[in-house]
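J.: Before I ask anything, here is the structure I am working with.
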Amino acid sequence: MHIRRLSSVDLAEVVALEKKSGSGWTREAVSEELDRSLGLQLVAYEDSSGRVIGWCCGLSVGDEAELLRIAVIQSKRKCGVASVLLAQFEKECIGQEVSSIFLEVADKNLAARQLYEKYDYKQVGRRKNYYSRPKDDALVMNKMLL
């Protein structure tokens, strides 16, 4: 597995990944990430086939960043793809002198919460009933980098 910056050639595969995961990320939303001036978008791809197996996106403003999304194809979940994407996102943020990363995660998304806790993200807030499908709270998490 390798990581690279998201490009327009990855768009169809990322959109297909999002569609299969049932998320609200549309083609337009992913395209907008490509155009975000303060954005950071990465894809994980297989060595042999070049197939996109995961992606993440976020943005940085000053010394803070926000991780907006990590998604991995079903067949590659629990194989370390999200961990590699998160580590590279953090590395890129450090290179931009970001000192703190924030993110939101659904309270009921235990797998994602465990990933973030493993990498020292701490809960700093809760947004009651933030998600509607399914209804759930959003946990606001933060990690200090520098």
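J.: Give the range 1-30 a look and list any residue that's of a type in the set (Gly, Ala, Ser) and at pLDDT 90 or above, or say none. Explain how you work it out, then say what you get.
T.: Within the range 1-30, the first condition is being of a type in the set (Gly, Ala, Ser), and the residues that meet it are 7-8, 12, 16, 21-24, 29.
Within the range 1-30, 7, 8, 12, 16, 29 qualify.
J.: Same structure, new question: So how many residues does the range 98-146 have that are surrounded by 11 or more Cβ atoms within 10 Å (Cβ to Cβ), farther than 17 Å from residue 70 by Cα, touching a residue at least 40 places away in the same chain (Cβ under 8 Å) and not polar (S, T, N, Q)?
T.: Count: 2.
J.: Where residues in the range 73-91 are at pLDDT below 95 and not hydrophobic (A, V, I, L, M, F, W, C), which of them is nearest to residue 144 (Cα to Cα)?
T.: So, considering only residues that are at pLDDT below 95 and not hydrophobic (A, V, I, L, M, F, W, C), the one nearest to residue 144 (Cα to Cα) is 80.
J.: Residues in the range 114-125: is at least one at pLDDT 95 or above, among the acidic types (Asp, Glu) and more than 19 Å from residue 38 (Cα to Cα)?
T.: Yes: one or more hits.
J.: Looking at this structure, is residue 30 of a type in the set (Val, Ile, Thr) and touching a Gly at 6+ places or on another chain (Cβ under 9 Å)? Quick ask: steps written out before the conclusion?
T.: Values: of a type in the set (Val, Ile, Thr): yes; touching a Gly at 6+ places or on another chain (Cβ under 9 Å): no.
Taking the combined requirement at face value, the residue does not satisfy it.
J.: Would you check if residue 103 is under 13 Å from the mean Cα position of the chain (by Cα) and either in a strand (DSSP E or B) or aromatic (Phe, Trp, Tyr) (or both)? Full working, then the answer.
T.: Values: under 13 Å from the mean Cα position of the chain (by Cα): yes; either in a strand (DSSP E or B) or aromatic (Phe, Trp, Tyr) (or both): yes.
Spelling it out, residue 103 is indeed under 13 Å from the mean Cα position of the chain (by Cα) and either in a strand (DSSP E or B) or aromatic (Phe, Trp, Tyr) (or both).
J.: Starting from residues that are farther than 18 Å from residue 1 by Cβ and in contact with a Gly (Cβ under 9 Å, 6 or more places away or on another chain), keep the ones in the range 58-83 and report whichever is surrounded by the most Cβ atoms within 10 Å (Cβ to Cβ). Working first, answer last.
T.: Quick first cut of the range 58-83, residues farther than 18 Å from residue 1 by Cβ only: 58-69.
In the following step, the residues that additionally are in contact with a Gly (Cβ under 9 Å, 6 or more places away or on another chain) were identified as 58-60, 65-69.
Working: 58: 24, 59: 16, 60: 17, 65: 26, 66: 18, 67: 24, 68: 19, 69: 18.
Here the residue is 65.
J.: Are any residues in the range 41-56 farther than 16 Å from residue 9 by Cα and modelled with pLDDT of 90 or more, and if so, which ones? So that I can check it myself, show each step before the final result.
T.: Step one: of the range 41-56, the residues farther than 16 Å from residue 9 by Cα are 47-48.
Correct list: empty.
J.: How many residues, within the range 11-68, are closer than 19 Å to residue 99 by Cα and of a type in the set (Asp, Glu)?
T.: 3
J.: Among the residues of the range 2-49, write down those that are exposed (fewer than 12 other Cβ atoms within 10 Å of the Cβ) and either of a type in the set (Gly, Ala, Ser) or in contact with a Ser or Thr (Cβ under 9 Å, 6 or more places away or on another chain) (or both).
T.: Of everything in the range 2-49, those that are exposed (fewer than 12 other Cβ atoms within 10 Å of the Cβ) and either of a type in the set (Gly, Ala, Ser) or in contact with a Ser or Thr (Cβ under 9 Å, 6 or more places away or on another chain) (or both) turn out to be 7, 8, 22, 24, 37, 48, 49.
J.: Contact list please: Cβ distance under 7 Å, first residue in the range 73-84 and in contact (Cβ under 8 Å) with a residue 12 or more places away in the chain, second residue surrounded by fewer than 14 Cβ atoms within 10 Å (Cβ to Cβ), pairs at least six apart or on different chains.
T.: 74/20
The values are calculated or read from the model by the stated rules, or taken from the named source; none is laboratory data. Just so it is clear, the model here is predicted, and its values are computed rather than measured. Please note: Cβ atoms are built from the backbone with ideal geometry, for glycine as well, and neighbour counts cover all protein chains shown.
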